[in-house]
Amino acid sequence: MIVAWTSAGPSMLAAFLASLVEFVEALTVVLAVGTIRGWGGALGGSGLAVAVLLVIIAALGPALTRIPLDIVQLAVGALLLLFGMRWLRKAILRSAGVIALHDEEATYAKEAEALRQAGGIGRGWDKIAFATAFKITMLEGIEVVFIVVAIGAGGVGLFVPASLGALAALLVVVALGLAVHRPLASIPENTLKFVVGVLLAAFGTFWVGEGIGVAWPGADWSILGLVAGFFVVAMFTIPLCRARAGTRVSVDG
């Protein structure tokens, strides 16, 4: 059905891109743990965290179906809008040069140095490696869970596409990690966060409107209009932020 694809397609894409960013950040630390302290603890900690996250998704998804759809749409829509605007704001400021771009190579080097200084590296079970890998995978994974559950709760039949998008992102990152054994610094993370921010903000706005009874023109097709609207506004905002930052530097200088 056309209506189903206009919802399921963007839902899967948003979940995939958002999850890709989070999994890349987790992979950077896990690679540092595995390289410095051994792969047993690194893979064990990450594997346990992924299993816990899957249980959380499996539990939360069906539970939300017991709540009236309009209440769920309003609640998760508001949270998704705030979440998307946070990502979009940082992406705009990074694109404008106001704040520094995220550097996976630098993150890897910093984490590797901290793991070396922790000491106690031996042939047995490494609790530090296990705990570090588990913690970073859970921290980044919780955001993935939130995104998947929020997108999936926005409409009937969206939970599966959102979950498949996140799963696809996990498989892609794991495959790349096994292939290159190094931080994925070449992935344009800020661009991904910019796109994800636009998508999440658009979904959040749409579902908040659905929750309060707004009759969107074109029904689900309005999501595409909202995506275009947020994108255009964000693109116009970048040069404004760049100019303002330049003016501030000139005045301070």
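The values are calculated or read from the model by the stated rules, or taken from the named source; none is laboratory data. From a predicted model like this one, the values you see are computed outputs, not experimental measurements. Cβ atoms come from the backbone with ideal geometry, glycine included; neighbour counts cover every protein chain shown.
Kindly provide the set of residues from region 37-56 that are buried (at least 20 other Cβ atoms within 10 Å of the Cβ) and of a type in the set (A, V, I, L, M, F, W, C), ordered by number.
A42, A49, L53
Across region 89-111, which residue is farthest from G45 (Cα to Cα) among those that are buried (at least 18 other Cβ atoms within 10 Å of the Cβ) and modelled with pLDDT of 75 or more? Working first, answer last.
Applying the first criterion (buried (at least 18 other Cβ atoms within 10 Å of the Cβ)) to region 89-111 yields 91-96, 104, 108, 111.
Next cut, modelled with pLDDT of 75 or more only: 91-96, 111.
On the way: A91: 30, I92: 34, L93: 34, R94: 32, S95: 35, A96: 37, E111: 16 Å.
Going through the qualifying residues, I end up with A96.
Where in region 149-253 are there helices (runs of 4 or more DSSP H), lying fully within it, with 2 or more residues that are under 30 Å from A51 (Cα atoms) and at pLDDT below 80?
Details: elements: 159-180, 189-211, 222-252.
Those helices (runs of 4 or more DSSP H) span 159-180, 189-211.
Hey, L54 hits all of (1) within 17 Å of V174 (Cα to Cα); (2) not in a helix (DSSP H, G or I) but one; which does it fall short on?
Result: L54 fails condition (2) only.
In this structure, does V195 turn out to be exposed (fewer than 14 other Cβ atoms within 10 Å of the Cβ), within 24 Å of the chain's Cα centre (by Cα) and of a type in the set (V, I, T)? I'd like the intermediate steps shown before the answer.
Values: exposed (fewer than 14 other Cβ atoms within 10 Å of the Cβ): no; within 24 Å of the chain's Cα centre (by Cα): yes; of a type in the set (V, I, T): yes.
Spelling it out, it is not the case that V195 is exposed (fewer than 14 other Cβ atoms within 10 Å of the Cβ), within 24 Å of the chain's Cα centre (by Cα) and of a type in the set (V, I, T).
Determine the pairs where a residue that is within 17 Å of V145 (Cβ to Cβ) and assigned to a loop (DSSP other than H, G, I, E, B), located within region 62-78, has a partner that is among the aromatic types (F, W, Y) and modelled with pLDDT of 75 or more with Cβ atoms under 9 Å apart, the partner being 6 or more residues away or on another chain.
Sorted first by the residue in region 62-78, then by its partner, the pairs are T65/F159.
Out of the residues in region 1-28 meeting the condition of being under 14 Å from A219 (Cα atoms) and hydrophobic (A, V, I, L, M, F, W, C), tell me which one is modelled with the highest pLDDT.
A8
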